[in-house]
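> Could you have a look at this structure, given as structure tokens, before my questions?
Rule-based calculations on the coordinates, nothing more; no lab input. Source: prediction; values computed, not measured. Note that each Cβ is placed from the backbone with ideal geometry, even for glycine, and that neighbours are counted across all protein chains shown.
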Amino acid sequence: MNKIVKVLHQSCCGVNPNIKNQLEKIAKENNVAIDVVDITDIMETMQYGTMDFPSIVIDGKVHSYRQNNTDEAVKEMLIA
């Protein structure tokens with residue numbers, strides 16, 4: 001079963017494809033099956049209680065992508 005990874009974006013700024021590409025690359029390198037879902041709807045992003053965008057949601061846990069955007073940090077989020 002694939003792990004669902006949600007990328008929360010600000011609705012005004014659009015989607016950054018580099019985040020999805022990085023997530024998919026690191027997941028593949030570490031044999032982690034993921035499905036990436038980009039979320040830009042403000043009502044949906046507010047459900048996660050963060051105003052720090054972009055953010056990554058994995059297994060219900062919100063991570064600030066701005067603070068955790070290195071390959072190593074992303075790997076730790078994916079395999080935790």
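> Any idea what the dipole of segment 3-61 comes to, in debye rounded to 20, about its Cα centre with Lys/Arg Cβ at +1 and Asp/Glu Cβ at -1?
Using Cβ point charges on Lys, Arg, Asp and Glu, segment 3-61 gives about 160 debye.
> Relative contact order (percent) for the chain, with alpha-carbon contacts under 8 angstrom and 6 or more residues of separation?
On the way: 108 pairs, mean separation 30.8, N = 80.
Rounded, it is 38 percent for the chain.
> Next question. Could I have the simple spin-label model distance between Met43 and Asn30, label points 7 Å from Cα toward Cβ, reported in nm to one decimal?
Using points 7 Å along Cα→Cβ, the separation is 3.4 nm.
> Of all DSSP beta bridges located in the chain, what percent are antiparallel, nearest 5?
55 percent
> Which ³J(HN,Hα) values in Hz, rounded to whole numbers, follow from the phi angles of segment 64-69 under the Karplus curve 6.51 cos²θ - 1.76 cosθ + 1.60, where θ = phi - 60° and Gly and Pro get x?
Result, rounded to whole Hz: 6, 5, 4, 8, 10, 9.
> Right, next: With all pairs of different alpha carbon atoms counted, what Kirkwood hydrodynamic radius in Å does segment 3-61 show?
11.8 Å
> Cα axis of helix 17-29 to longest principal axis of the chain: angle in degrees, 0 to 90, nearest 10?
So the inclination is approximately 20 degrees.
> Per residue of the chain, what 222 nm ellipticity follows from adding -39500 (n - 2.57) for every DSSP H run with n ≥ 4, rounded to the nearest 500?
Dividing the helical sum by the residues of the chain leaves -9500 deg cm²/dmol.
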